[in-house]
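The values are calculated or read from the model by the stated rules, or taken from the named source; none is laboratory data. Treat the numbers as computed from the prediction; the structure is a model and nothing was measured. Cβ: placed from backbone, ideal geometry, glycine included. Neighbour counts: every protein chain shown.
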Ligand code: KG4
Ligand code: ZN
């Protein structure tokens, strides 16, 4: 077929999501942008907030409880029944295994009941292909995926061919934002609140490290940065008996500036490596994905780096950058439109892209 309507299901972390996406192909290659008929997401932040992070057992139970509802919502919003869907795509890894299993089992039931093919999708591939769904970006392009669980600079060469140019060697940047928020008593998820506090702060007051900056390559590290913030916090608290609002703002601003600089400079290195690999591209593209892409100052840093390197920077709308099922439906559609036959679907806690 050269046009497909796909139901996507995602439950690998703390969003229970379902979406209906229509995709078409030319010459066996999907052509974006896709038509998003619905994109339903039930978040779980409220369930995990008290624990300062995602609790796998609670996440799995919430997914199991709400997967049927979110699928119903997605079909309703799309205004179609299951009969009008050509196939079901589900995240089958990587992720928290309880959530992945819940989604896979729900999808198997739906596909079996409706007599539709089922395709298992790699969650990271969903993120990687999002710029094609949202903006119709052509292969090849460079992707920076920065979320609570991942940090990778990937050359997306073609469907199924992903070359990792750099990745974090410890924490993901979103994880670092969340941990810094926790140590400053700012709640979960921490990214948005750290960004708000940073806006009132002085980024120059604390000198935080820029890890791995002097090393060649595009690998990143954020764990030492997090520890440096912790030490600065303890020094202040000891010296003056507590933290003032001003201190929290300055710590957030200093931390955020360090993350922005590391991401921008490592992304610039990846852009150079990408250009060496594809010297003939008239307008190379770097696209952002992952929840951390919401951060305005990180975006600004990346935009500046892209301009300096002659790249166009593309940031899909935030609801497609954070975890969602439209990206899973799209990735499934790309595989099916390329003529692949769906095989057995099993849940995989680990599943690297390359
Ligand atoms: O992609 P995402 O929704 O979920 C996964 O991790 O897969 O990303 C969530 C992460 C959290 O760690 C959150 O703190 C971070 O993205 N985040 C931000 C901002 N908004 C969300 N980090 C920095 N600045 C933000 N404005
Ligand atoms: Zn994700």
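Collect the residues in the range 302-325 that are under 25 Å from residue 284 (Cα atoms) and surrounded by 21 or more Cβ atoms within 10 Å (Cβ to Cβ), keeping them in residue-number order. Don't jump to the end; show me each part of the working.
Step one: of the range 302-325, the residues under 25 Å from residue 284 (Cα atoms) are 302-322.
Once the filter is applied, which keeps residues that are under 25 Å from residue 284 (Cα atoms) and surrounded by 21 or more Cβ atoms within 10 Å (Cβ to Cβ), the range 302-325 yields 302, 305, 306, 311, 316, 320, 321, 322.
Would the range 91-108 turn up any residue that is out of contact with any helix residue (DSSP H, G or I) (no Cβ under 6 Å at 6 or more places or on another chain) and farther than 12 Å from residue 11 by Cα?
Yes.
Of all the residues that make up the range 290-314, how many are in contact (Cβ under 8 Å) with a residue 24 or more places away in the chain, within 11 Å of ligand 1 (Cβ to nearest atom) and part of a helix (DSSP H, G or I)?
Qualifying residue count for the region: 7.
Looking at (1) in contact with a helix residue (DSSP H, G or I) (Cβ under 7 Å, 6 or more places away or on another chain); (2) under 18 Å from residue 350 (Cα atoms); (3) within 16 Å of ligand 2 (Cβ to nearest atom), find the lone condition where residue 122 falls short.
Looking at each condition in turn, residue 122 falls short on (1).
Suppose the filter is outside the structural domain of residue 44 (by TED's automatic domain parsing) and within 18 Å of the chain's Cα centre (by Cα); does residue 212 pass it?
So residue 212 does not fit the description; no.
Which count do you get for residues in the range 121-151 that are within 28 Å of residue 104 (Cβ to Cβ), within 14 Å of ligand 1 (Cβ to nearest atom) and outside any loop (DSSP other than H, G, I, E, B)?
So the count comes out to 12.
Name the single residue, out of those in the range 264-289 being within 16 Å of ligand 1 (Cβ to nearest atom) and in contact with a helix residue (DSSP H, G or I) (Cβ under 6 Å, 6 or more places away or on another chain), that is modelled with the lowest pLDDT.
Result: 289.
For the list (1) assigned to a helix (DSSP H, G or I); (2) at pLDDT below 95, I need the number of the one condition that residue 257 fails.
Looking at each condition in turn, residue 257 falls short on (2).
I'd like the residue in the range 126-138 that is in contact (Cβ under 8 Å) with a residue 60 or more places away in the chain and more than 11 Å from ligand 2 (Cβ to nearest atom) and, out of all such residues, is surrounded by the fewest Cβ atoms within 10 Å (Cβ to Cβ).
The qualifying residue surrounded by the fewest Cβ atoms within 10 Å (Cβ to Cβ) is 136.
Which of (1) closer than 20 Å to residue 9 by Cα; (2) at pLDDT below 95; (3) touching a strand residue (DSSP E or B) at 6+ places or on another chain (Cβ under 9 Å) is the odd one out, the single condition residue 345 does not satisfy?
Only one criterion in (1) closer than 20 Å to residue 9 by Cα; (2) at pLDDT below 95; (3) touching a strand residue (DSSP E or B) at 6+ places or on another chain (Cβ under 9 Å) is unmet by residue 345, namely (2).
Just to be sure, is residue 202 within 15 Å of ligand 1 (Cβ to nearest atom) and touching a residue at least 12 places away in the same chain (Cβ under 8 Å)?
On the way: within 15 Å of ligand 1 (Cβ to nearest atom): no; touching a residue at least 12 places away in the same chain (Cβ under 8 Å): yes.
When the stated conditions are applied, residue 202 does not pass them.
Only one residue in 294, 273, 282 is in contact with a strand residue (DSSP E or B) (Cβ under 6 Å, 6 or more places away or on another chain), surrounded by fewer than 24 Cβ atoms within 10 Å (Cβ to Cβ) and more than 22 Å from residue 91 (Cα to Cα), so which one is that?
273
Determine if the range 155-175 includes at least one residue that is within 18 Å of residue 322 (Cβ to Cβ), away from ligand 2 (no atom under 16 Å from the Cβ) and either assigned by TED's automatic domain parsing to the domain that holds residue 125 or surrounded by fewer than 17 Cβ atoms within 10 Å (Cβ to Cβ) (or both).
No.
Residue check, residue 109 against (1) more than 16 Å from ligand 2 (Cβ to nearest atom); (2) under 20 Å from residue 340 (Cα atoms); (3) assigned to a helix (DSSP H, G or I), all met but one. Which one?
(2)
Of the residues 138, 170, which single one is more than 29 Å from residue 36 (Cβ to Cβ) and modelled with pLDDT of 95 or more? Spell out the reasoning first.
Numbers: 138 fails: more than 29 Å from residue 36 (Cβ to Cβ).
Selected residue: 170, the only one of 138, 170 that is more than 29 Å from residue 36 (Cβ to Cβ) and modelled with pLDDT of 95 or more.
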